[in-house]
1. Efficiency by 1/(1 + (r/R0)^6): what FRET value for A:TRP95 and A:PHE310, r their Cβ-Cβ distance, R0 = 51 Å, to the nearest 0.05?
2. Please give the charge dipole size of region B:59-171, origin at the Cα centre, charges +1 on K and R Cβ atoms and -1 on D and E Cβ atoms. Round to the nearest 20 debye.
3. Check the straight Cα-Cα distances from B:LYS72 and name the aspartates and glutamates below 12 Å, setting aside those fewer than 8 residues away within the same chain.
4. Count the net charge of all other residues whose Cβ sits under 13 Å from the Cβ of B:VAL42, scoring Lys and Arg as +1 and Asp and Glu as -1.
5. First measure r as the distance between the Cβ atoms of B:LEU128 and B:VAL258, then evaluate 1/(1 + (r/R0)^6) with R0 = 56 Å and state the FRET efficiency to the nearest 0.05.
6. Spelling out what I want: for every residue of region B:166-183, take phi, set θ = phi - 60°, compute 6.51 cos²θ - 1.76 cosθ + 1.60 (Karplus), and round to whole Hz; glycine and proline get x.
7. Once you sort the root eigenvalues of the Cα gyration tensor of region B:114-252 as a ≥ b ≥ c, which label holds: rounded (a/c under 1.5), prolate (a/b larger than b/c) or oblate (the other case)?
8. What do you get for Rg/Rh of chain B when both radii come from the Cα atoms and Rh is the Kirkwood radius?
Amino acid sequence: VLSDVVLSNAILFLKSILVMPDLQVYLPIADMPVNLFLIVALGAAVGFLSGLFGVGGGFLLTPLLILLNIPPAVAVATQAPQIAASSTTSVLAAWRNRALDLQLGGFLLIGGLMGTVIGILVFRNLKRLGQLDLAIALSYVTLLGIVGALMLVDCWRIYRAKKRTEPAQAIIATPVWHAALPLQYTFVHSGLRLSLIPLFILSFFIGFAGAVMGIGGGFILIPALLYFFRASSSTAIAVSQFQILFTMIVATIMHAVINQTVDILLALMLIVGGVFGAQFGTRAGRNLKTESFKLLLALLVLSVSLRFAFDLTITPKEFFSIAERR
Amino acid sequence: MRACASFLWSLIRSALVAAMWVMSFTMAYAETLVTSLSSREVEITSTYTGAKLKVYGVYEIIEKYVRNAQPKDYVIVVTVLGPTHHFTVRQKGKVGPAWFNRSTQVFKDVPSFVAVLSSKPIAETTNLETARNLFLGLDLNITPNHLLIEMSEKRKEFREAMIRLGQQEGRYQQDENAVFFMKIKDKKGKTTGASSSLFEANIQLPATVMTGTYTVQVGLFAEGVLLDKSIDYFEVKKTGFEATIVNWVQDHSWSYGVAMCLMALFFGWLASMIFRRD
């Protein structure tokens, strides 16, 4: 299968460029040994991509961890502190540049936190019912499928615009349909007048998805704020990173207390790899042409989605499984 | 006549006594088994990827009382049992285009690790009846025979899957050529074909094991009969860092969660300090 080949080659490539020694480290919570350098390299590679494109990367890292046989429950929960670490850096930068609208961020946080709490309770019940892996796989197929397809379309548009030597179209003007909704509120710092209802729904959904899928949600939140709510890009990035930071802090604590699936060693490896990878990604993004990388990323996202879809629909070799021993 | 008869009688009597004497000594024909383990503690540390233990032992034949002893064919059976656990086994079914877990069976108090190691196939060692009574074999240690008989066909299928998956993980093993008798050496130091009474077997623990007490039972068999047995224990535990973390997570999960957050914040802050653009 194509996506399988792409992924295994990506991992092999990572291994070969780093001439990776096989240093196995036993993860105390996941209860299994992993290759230290592979995990750090994975964190760094995803961090690099996220620095390059300005999105969190949780939507790539969690599935890759699952493909490395780390229990989905541990992969998702351990993703929370990793995302918190990378968004700390972004929030600090936004704070220094005075780009952070605390009012808007604070309001997003209310919905985000409610979504997180409910998401973690759903996570626990799915785990108990034995349907957690399925739920995670299904959400990834859907989400990554949509995101990957959108990215491909975006690449195609840029490519076509270049070919015709036309200027690439600016942001598609969407009608401000939410202007008619009640509960309009003016956010002074960013100069936006918005209805609180769609804002709440959006932030709730992001918080929920973050807790269940191990993603920050920046790659949904930022475009939504840009296109639907007409926020400036600096405001959108700052505010979404602010929400992600705090929802992920709450998610970390709740996963640790309720599900007890946060692995300290795995988190440490991912964080160290991720924060430094992201910095190099940001620098590279300033010098490199990102279009070809964008295509690669789109293909990678789609292949992860296909891999999950494939695993779900192929007749399994083994019909039985033993629930996590815990 | 009377003297002759009494003489004959005493002759028969002494012959009987002599026969009983011989028999009593044949009854005293005995073997004892002494075993030991290479280690009684297996530590799961941050470099643990599995462990290997050795069972050593020797059987001794108390021969001095024996007359006309035929050399027997001795068999050693080693059974290693890990701590028990409730196992939830799930079966996938197709709904629409996708496969997902549809039915579930729970097996209570099943050993998480079973290794049955012997020097000969169990079937050749003893009869089925004895094997069942003494729990010889992987199957019998997972579910005793009387419970297996009562099991429904569906549940049996789940049970077989549980064993198969355990075997793939290396938690369930049955090896009928895993106990080795050391060869006797002649005076020049060359090994002869003959086996000594000294034996050893390797216990291979996989990367995923449960912590707790493991028992090692060794049985000495000949002619289908259990002659002697020994029992020993070893402990698998998380030590050092691993143990600290597990205890922390389980007993003080709030502070663990908060510490995870502080760690994340610290690294995020550190990165922004190092890579600051001014």
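The values are calculated or read from the model by the stated rules, or taken from the named source; none is laboratory data. Computed from a predicted structure; not experimentally measured. Reconstructed Cβ throughout: ideal geometry from the backbone, glycine too, with neighbour counts over all protein chains shown. To get the accessible areas, we keep the full protein, side chains included, count just its heavy atoms, and leave off ligands, DNA and RNA. Shrake-Rupley method; radii C 1.70, N 1.55, O 1.52, S 1.80 Å.
1. Rounded to the nearest 0.05, the efficiency is 0.75.
2. Working: 16 positive and 12 negative charges, 102 e Å.
I would put it at about 480 debye.
3. Straight-line reach from B:LYS72, under 12 Å: B:GLU31, B:GLU223.
4. Working: positive: B:ARG40, B:LYS52, B:LYS54, B:LYS237, B:LYS238; negative: B:GLU41, B:GLU43, B:GLU235, B:GLU242.
Around B:VAL42, the surrounding residues sum to +1.
5. Numbers: r = 59 Å, r/R0 = 1.05.
Approximately 0.45, to the nearest 0.05.
6. x, 5, 5, 7, x, 7, 10, 9, 9, 10, 8, 9, 10, 10, 10, 8, 6, 7
7. Numbers: a/c = 2.44, a/b = 1.27, b/c = 1.92.
Note, shape of region B:114-252 comes out oblate.
8. Values: Rg = 28.8 Å, Rh = 23.9 Å.
My calculation of the ratio gives 1.21.
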